[in-house]
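Quick notes on the structure that follows.
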Amino acid sequence: MDTSELRKAVEEVELVDAHAHNIVSLDSNFSFIHAFSEANGEALSFSPNSLSFKRNLRDIAKLYGSEISLQGVEEYRRVSGLQSITSSCFKAARITAILIDDGLTFDKKHDVEWHKNFIPFVGRILRIERLAEEILDEDLPDGSSWTVDSFTTAFVSNIAVTVAGEIFGLKSIAAYRSGLEINTNVTNNDAEEGLRQTLIAGKPLRIANKNLIDYIFLRSLEVAQSYDLPMQIHTGFGDKDLDLRLSNPLHLRAVLEDKRYSKSRIVLLHASYPFSREASYLASVYSQANVYLDFGLAIPKLSVHGMISSMKELLELAPLNKVMFSTDGYAFPETFYLGAKKSREVVFSVLRDACIDGDLSVPEAVEATKDIFARNAIHFYKISSVNSVIYSHSNLSQNLSGDLDIDVSLVRVMWVDGAGQHRCRAVPKKRFNDVVVKNGVGLAFAVMGFSSHMDGPAEGSGLTAVGETRLVPDLSTLRRIPWNKKDEMVLADMCVKPGEAWEYCPRDVLRRASKILKDEFDLEMNAGFENEFILLKMLKREGKEEWVPFDSSPYCSASGFDAASPVLHEVVDSLHSLGIAVEQIHGEAGKGQFEVVLKYTICTKAADNLIFTREVVRAIARKHGLLATFIPKYALDDLGSGSHVHLSLWRNGQNVFMGSGTSSKNGISTLGREFMAGILQHLPSILAFIAPLPNSYDRLQPNTWSGAYLFWGNENKEAPLRASSPPGTLDGLVTNFEMKSFDGSANPYLGLAAILAAGIDGLRRHLPLPEPVDTNPNPETLQRLPASLSESLDALHKDDFLKEFISEKLLTAIKAIRKAEIEHYTKHKDAYKELIHRY
């Protein structure tokens, strides 16, 4: 029988790795021998004399061309460096997407974001037991003891805040702790007692009480159902703490039979080895319960005979569309390569035998190959539908099936210039795949010096017609365009060459500032934007075309919302398709003005989301014959439009901006107060980044809720920095603060970077936060913030806190652009009216 077509399909298919873990630094104390001697870094030992150890070591040495010894491979790793070996392993593995369970506590592990340097798509899986332990290791803000009710509230809310576009599934390791015989009738009283015993054991907590484990498992299933998320479950072999008898997936029958969980989507990990037949049976008989199988870990950790036997047992009863590949790669890029390599070999062997035995035809086996290695995971985890990602550097869409083989003719490579304007270059899809992904698109240096009124570099910017940067696409941001589905768009980094950022790159500026906050204080800044915009319609008066507000309805008008609902619904639907969560949308107080509120997320992603949101709003409005503008002040006699940003500080998934008890002054932690103090002190110069047009200062006026004076307040809408306590916050505590000065003409990367720099300065110098002003501001006692871009630019010239964060050359360019804006709009008083076509 000729199975060459099958072999070709197995060798060429791009892989979706549906279960893996973080890679660690080369200097991690988690030694490299664990790549061969342990299953996933927990404690599953394999002797150097085992079959898998010897085979896998040979395979890695062959890949590297090194001596076939542990010492030889380790020396190659040391000399080559982590970037090089990771690139080599992933390139050889041909993995195009990875879902990472980051719940393993490796020394010096890289975060999920780091892996995006090597893989076009990286998603996160949330380990529920780890999350529960992190929550219980923290004290309650009011100093009280944890109860099941308070824990459940915190647990569910923590999952909820990471759902929208952030995670692709939950994971349970109940098998490690108390086994899979889950008591579906566990009571709150049972869980309360389990919680009490767990807390008595002291911190750091390790939850092992069966009642509490079962309670967390069942609550997680409920949450997963409500968000239509799958839940991965460790089954079969594992570390020495695991009772193998209790890791048989048959123990899950009580859960699968319970109608409360009938809509659950469950993945049995690790081929359930040595219970692969039992897993196959469950996937077969519980077809309505969506039981899927994942064979990572069994491949490549078993002998060749063991891997093939386990795979054949999985396929004895299980439908082919319910079996999925993963590497269970962990800590070392080599584990990803080994998982991919051996999986291809084993799947080919098993499907070839199925063809020989008459179970499958060769064409059916080819389709099964695509299902097992990619399609099943794409559909099950909703990778493509949630993020509209087509894996650009591969031929995945062509290689898989008709339902993914969509004709995408152009890809828009997008960037934001120094004046905050969105720009793009479109390239044909094939060229994007073949050339642009690797080498980028050339762009003249001068473009980063353009102002809002002229497509030419500002005088004194240092940017001229000489020289080119490279627009290198960040494939993690590749999205199908909702209003033009044959096209895609992707955000680009500006690079000197691939892998080396240009010093003018705004996205890199924000990444570097975020890294400083992380490295020095182990903090991350979350951001959520409120985007105000005006819908304009075209009128003809005396033969002339004129753009006027869509309507004149008042703040939060129901009738005004109805009138604009076709536009607003499509905006929300489009954002959802891009994985951007909308928390609220409503009519604002200006004529034709609306606001869309985005859910907060890590600030680098929040900036990306803001760019996509502006694109969506403008495009959908245009589709409906309207013009949407984010201009700060469309009409000088009406209210302006801002892009207010809510900010908070987080550490290990917990909000540490919020105070934690009665000792927290104003409900804000010491970290939060110092961070705010730095921003407040530098706010006059920050305005040059977040209110970058002369027109911005027409908005920043007293009694317009935009923040005209230098102070902060508790829920004071006139404060430029407003401490916020959203519904559900404990009395007296503050979860975040809002910056009202930020507007829609700002480059969000540079704006957030300037804010971060000021906040870090406050943390470094332990700056004190003044007392809040909780009344309408008194001009006689408060300092007026810059009333013009000129005043803000003067403040920036006198302030030097940005030097570490933004290069001198980029600062020079920004100052030159702002100076050009001032000169132009001073000479041309009505020129601001043209800005509706740029912002």
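The values are calculated or read from the model by the stated rules, or taken from the named source; none is laboratory data. Just so we're clear, the structure is a prediction, and the values are computed from it rather than from any experiment. Here the Cβ is made from the backbone with ideal geometry for all residues, glycine too, and neighbour counts use every protein chain on show. Just so you know, the surface numbers come from the protein's heavy atoms only, side chains and all, with ligands and any DNA or RNA stripped out. Shrake-Rupley method; radii C 1.70, N 1.55, O 1.52, S 1.80 Å.
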Q | Count of residues meeting criterion [within 28 Å of Ala820 (Cα to Cα) and not in a strand (DSSP E or B)] in segment 416-466 | A | 25
**Q.** Only listed residue being touching an Asp or Glu at 6+ places or on another chain (Cβ under 6 Å), of a type outside the set (A, V, I, L, M) and crowded, with 23+ Cβ neighbours inside 10 Å, chosen from Arg480, Arg507
**A.** Arg507
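Name the residues in segment 653-669 that are in a loop (DSSP other than H, G, I, E, B) and touching a residue at least 12 places away in the same chain (Cβ under 8 Å), would you?
Gly653, Val656, Phe657, Gly659, Ser660, Gly661, Thr662, Ser664, Ser669
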Q. When only residues in segment 552-571 that are surrounded by fewer than 18 Cβ atoms within 10 Å (Cβ to Cβ) and touching a residue at least 12 places away in the same chain (Cβ under 8 Å) count, which is farthest from the chain's Cα centre (by Cα)?
A. Ser552
**Q.** Sole exception among (1) modelled with pLDDT of 90 or more; (2) within 19 Å of Asn183 (Cα to Cα); (3) open to solvent by less than 20 Å² (accessible area, probe 1.4 Å) for Leu269, by number
**A.** (2)
**Q.** Residues being under 18 Å from Trp650 (Cβ atoms) and open to solvent by less than 10 Å² (accessible area, probe 1.4 Å) - total across segment 725-748
**A.** 4
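Here is a yes/no grid of residues against (1) surrounded by 20 or more Cβ atoms within 10 Å (Cβ to Cβ); (2) in contact with a Cys (Cβ under 6 Å, 6 or more places away or on another chain); (3) part of a helix (DSSP H, G or I); (4) touching a residue at least 12 places away in the same chain (Cβ under 8 Å):
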site: Asp214; (1), (2), (3), (4): yes, no, yes, yes
site: Phe217; (1), (2), (3), (4): yes, no, yes, yes
site: Leu221; (1), (2), (3), (4): yes, no, yes, yes
site: Ala224; (1), (2), (3), (4): yes, no, yes, yes
site: Met231; (1), (2), (3), (4): yes, no, no, yes
site: Thr235; (1), (2), (3), (4): yes, no, no, yes
site: Gly238; (1), (2), (3), (4): yes, no, no, yes
site: Leu242; (1), (2), (3), (4): yes, no, no, yes
site: His251; (1), (2), (3), (4): no, no, yes, yes
Q. Which of the residues that make up segment 479-503 are modelled with pLDDT under 85 and assigned to a loop (DSSP other than H, G, I, E, B)?
A. Lys485, Lys486, Pro498, Gly499
Q: Among the residues of segment 94-111, count how many are surrounded by fewer than 19 Cβ atoms within 10 Å (Cβ to Cβ) and basic (Lys, Arg).
A: 2
Q. Can you spot a residue in segment 302-311 that is in contact with a strand residue (DSSP E or B) (Cβ under 8 Å, 6 or more places away or on another chain) and in the same structural domain as Ala18 (by the TED database)?
A. no
Q. Has segment 746-765 got at least one residue that is within 19 Å of Phe675 (Cα to Cα) and of a type in the set (Ser, Thr, Tyr)?
A. yes
Q: Just need a number here: residues in segment 143-187 that are open to solvent by 50 Å² or more (accessible area, probe 1.4 Å), modelled with pLDDT of 90 or more and farther than 30 Å from Glu257 by Cβ.
A: 1
Q: Kindly indicate whether Tyr749 is hydroxyl-bearing (Ser, Thr, Tyr) and under 31 Å from the mean Cα position of the chain (by Cα).
A: yes
Q: Kindly list the number of the only condition in (1) open to solvent by less than 30 Å² (accessible area, probe 1.4 Å); (2) small (Gly, Ala, Ser); (3) without any contact (Cβ under 8 Å) to a residue 60 or more places away in the chain that fails for Ala606.
A: (3)
Q.
Among the residues in segment 762-784, are any at pLDDT below 90 and open to solvent by less than 10 Å² (accessible area, probe 1.4 Å)?
A. no
(Q) Condition first: open to solvent by less than 10 Å² (accessible area, probe 1.4 Å) and outside any helix (DSSP H, G or I). Now tell me which residues in segment 342-383 satisfy that. (A) Tyr381
Q: Take segment 561-588 and flag every residue that is in contact with a Phe, Trp or Tyr (Cβ under 8 Å, 6 or more places away or on another chain) and among the polar types (S, T, N, Q).
A: Ser574
Q. Tally time: how many residues in segment 282-310 are among the aromatic types (Phe, Trp, Tyr) and either within 21 Å of Leu351 (Cβ to Cβ) or at pLDDT 95 or above (or both)?
A. 2
Q: Give Ile620, Ile580 a once-over and let me know the one that is within 15 Å of Leu491 (Cβ to Cβ) and in the same structural domain as Glu532 (by the TED database).
A: Ile580
Q. Residues in segment 246-256: is at least one in contact with a Ser or Thr (Cβ under 9 Å, 6 or more places away or on another chain) and within 20 Å of Thr105 (Cα to Cα)?
A. no
Q: Assess whether Ile760 counts as being assigned to a helix (DSSP H, G or I), within 33 Å of the chain's Cα centre (by Cα) and β-branched (Val, Ile, Thr).
A: yes
(Q) Given the condition free of Cβ contacts under 8 Å to residues at least 24 places away in the same chain, within 29 Å of the chain's Cα centre (by Cα), open to solvent by less than 40 Å² (accessible area, probe 1.4 Å) and assigned by the TED database to the domain that holds Gly744, answer yes or no: does some residue in segment 531-547 qualify? (A) no
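Across segment 1-29, what is the total count of residues that are part of a loop (DSSP other than H, G, I, E, B) and open to solvent by 80 Å² or more (accessible area, probe 1.4 Å)?
Residues of segment 1-29 that are part of a loop (DSSP other than H, G, I, E, B), as a first pass: 1-3, 13-14, 21-22, 25-29.
Next, only the ones that are open to solvent by 80 Å² or more (accessible area, probe 1.4 Å) stay: 1-2, 27, 29.
Adding up the residues that qualify gives 4.
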Q: Tell me which residues, restricted to segment 796-814, are open to solvent by 20 Å² or more (accessible area, probe 1.4 Å) and of a type in the set (Gly, Ala, Ser).
A: Ser807
Q: Read through the list (1) modelled with pLDDT of 90 or more; (2) open to solvent by less than 50 Å² (accessible area, probe 1.4 Å); (3) touching a Leu at 6+ places or on another chain (Cβ under 9 Å); (4) of a type outside the set (D, E, K, R), then give the number of the only condition that Ile817 fails.
A: (3)
Q | Among the candidates Gly672, Gly678, Gly640, Gly590, residue that is assigned to a loop (DSSP other than H, G, I, E, B), out of contact with any Cys (no Cβ under 7 Å at 6 or more places or on another chain) and open to solvent by less than 10 Å² (accessible area, probe 1.4 Å) | A | Gly590
